[in-house]
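Undergrad: The structure follows.
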Amino acid sequence: MTRWGIVSTIKASEGEILNFAAWHLDLGAHRLYLYLDAPERAVFDRLRAHPKIKVVACDDAWWAKRNGRPEKHQSRQFINARHAYNRRVELDWLAHIDVDEFLWPARPIADQLSDLPDNCLCARVRPIEALAPAPGDPERPQYFKAFHLPAPDRRRAAEACFPTYGRYLSGGFLSHVAGKLFYRTGIDGLRMKIHNITVNGQQNPGEVALNTTELCHMHAQSWEDWMRTYRYRMSMGSYRAELKAHVNRDAGGLSLHELFHVIEKADGEAGLRAFYEEVCVATPELRARLEAEGLLRQHDLALTACRARHFPGG
């Protein structure tokens, strides 16, 4: 049996961490390597008690052994992912994903990975991005937006589905469209980044797409959720100034940092709310446009029941 697992550096509530862990254990993960960026004793102890979880408290003592705590969370992710990869090999494949990302396979992940050729050192899972329920709609099952892989089709569909802001967004996504990788363990010279690996200078050797698995990215599940993380993302995260525009600048592209700055300068929080309503809410109109493009998904992440199976007692 092919053994696979996940490494993640996490700063989240206890419920979010347990949901993430339980979901992937339910899918058949053999091992989870969880690095708690703001460790709390209660959740640390619950995770440590599970036989398939290796948990690390990334406290002052942890970072003191690693030349100090990097300011950027991306750098902390790299360090922790390397640490997990270099541990005693317990897996055949390892994936580096975040606490707001949930794998959704159409068939068992172990079977998909075992089918890959020997020269494939990494396998890519493409994301779908969560949409918030429209007023009056149930929260489950949840709607997601997908995207076309060819760039011309992606641009056309984004502008058709998101009339005001689609021209600025790759596939209408606020988050990444690159997806995340499973990579083989025990490979000398392998170095990982967030969305790619290199092996002795070669990027993503033998890469194959896992087309029967989607990565459900819960990037903006509600207006309140989005605003709670907005300022951090603008300064340090996925909307920070140093990142490139989602679409070609020759076609009028702006980075997300620039786009949100323009919106706020013109209309303040009301402008941001209008942006969110167009791009992130599963209104009947948006669902119809996405469905016409073959880009509407609906999945039921029954996280409460899943958590109860692996972490009973709340």
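The values are calculated or read from the model by the stated rules, or taken from the named source; none is laboratory data. What you are looking at is a predicted structure, and each value in this text was computed from that prediction instead of being measured. For neighbour counting, all protein chains shown are included, and Cβ atoms are generated from backbone atoms with ideal geometry for every residue, glycine included.
Undergrad: Run Gly68 past the list (1) small (Gly, Ala, Ser); (2) surrounded by 17 or more Cβ atoms within 10 Å (Cβ to Cβ); (3) more than 18 Å from Met192 (Cβ to Cβ) and report the number of the one that doesn't hold.
TA: (2)
Undergrad: Hey, does region 233-243 have a residue that's exposed (fewer than 14 other Cβ atoms within 10 Å of the Cβ), in a helix (DSSP H, G or I) and of a type in the set (D, E, K, R)?
TA: Looking through region 233-243, none of the residues is exposed (fewer than 14 other Cβ atoms within 10 Å of the Cβ), in a helix (DSSP H, G or I) and of a type in the set (D, E, K, R).
Undergrad: Only residues that are more than 15 Å from Pro51 (Cα to Cα) and either assigned to a strand (DSSP E or B) or in contact with a Lys or Arg (Cβ under 9 Å, 6 or more places away or on another chain) (or both): list them for region 5-16, please.
TA: Result: Val7, Ser8, Thr9, Ile10, Glu14, Gly15.
Undergrad: Can I ask one more? Within region 254-273, which residues are free of Cβ contacts under 8 Å to residues at least 24 places away in the same chain and surrounded by 14 or more Cβ atoms within 10 Å (Cβ to Cβ)?
TA: Ser255, His257, Glu258, His261, Ile263, Glu264, Gly271
Undergrad: Return yes or no: is Ala61 more than 13 Å from Ser8 (Cα to Cα), in contact with a Gly (Cβ under 7 Å, 6 or more places away or on another chain) and not in a loop (DSSP other than H, G, I, E, B)?
TA: Judged against the criteria, Ala61 is not a match.
Undergrad: Can you find even one residue in region 190-210 that is surrounded by 15 or more Cβ atoms within 10 Å (Cβ to Cβ), hydrophobic (A, V, I, L, M, F, W, C), modelled with pLDDT under 95 and assigned to a loop (DSSP other than H, G, I, E, B)?
TA: Within region 190-210, one or more residues are surrounded by 15 or more Cβ atoms within 10 Å (Cβ to Cβ), hydrophobic (A, V, I, L, M, F, W, C), modelled with pLDDT under 95 and assigned to a loop (DSSP other than H, G, I, E, B).
Condition check ((1) in contact with a strand residue (DSSP E or B) (Cβ under 8 Å, 6 or more places away or on another chain); (2) within 17 Å of Glu129 (Cα to Cα); (3) not acidic (Asp, Glu)) across all residues:
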residue: Arg233; (1), (2), (3): no, yes, yes
residue: Leu256; (1), (2), (3): no, yes, yes
residue: Asp267; (1), (2), (3): no, no, no
residue: Gly271; (1), (2), (3): no, no, yes
residue: Arg309; (1), (2), (3): no, no, yes
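Undergrad: Out of (1) free of Cβ contacts under 8 Å to residues at least 24 places away in the same chain; (2) over 21 Å from the mean Cα position of the chain (by Cα), the odd one out for Asp137 is which?
TA: All conditions pass for Asp137, except number (1).
Undergrad: Please verify whether region 81-93 includes one or more residues that are within 30 Å of Gln298 (Cβ to Cβ) and buried (at least 18 other Cβ atoms within 10 Å of the Cβ).
TA: The answer is yes; a qualifying residue exists.
Undergrad: Okay, next question. Of all residues being in a helix (DSSP H, G or I), out of contact with any strand residue (DSSP E or B) (no Cβ under 8 Å at 6 or more places or on another chain) and of a type outside the set (A, V, I, L, M) in region 277-299, which is farthest from Gly171 (Cα to Cα)? Just the residue, please.
TA: Per the stated criteria, the residue is Pro284.
Undergrad: Is it the case that region 178-188 has a residue that's in contact with a Ser or Thr (Cβ under 6 Å, 6 or more places away or on another chain), in a strand (DSSP E or B) and at pLDDT 95 or above?
TA: There is no residue in region 178-188 that is in contact with a Ser or Thr (Cβ under 6 Å, 6 or more places away or on another chain), in a strand (DSSP E or B) and at pLDDT 95 or above.
Undergrad: Testing Ala157 on (1) under 21 Å from the mean Cα position of the chain (by Cα); (2) of a type outside the set (Lys, Arg); (3) crowded, with 22+ Cβ neighbours inside 10 Å, one condition comes back false. Which one is that?
TA: Here Ala157 clears every test but (1).
Undergrad: Now a separate question. Being in contact with a strand residue (DSSP E or B) (Cβ under 7 Å, 6 or more places away or on another chain), surrounded by fewer than 16 Cβ atoms within 10 Å (Cβ to Cβ) and in contact (Cβ under 8 Å) with a residue 12 or more places away in the chain is the filter here, so list the residues in region 177-189 that pass it.
TA: Ile187
Undergrad: Among the listed residues Leu27, Leu34, which satisfies the condition of being crowded, with 17+ Cβ neighbours inside 10 Å, within 20 Å of the chain's Cα centre (by Cα), within 24 Å of Leu121 (Cα to Cα) and without any contact (Cβ under 8 Å) to a residue 40 or more places away in the chain?
TA: Leu34
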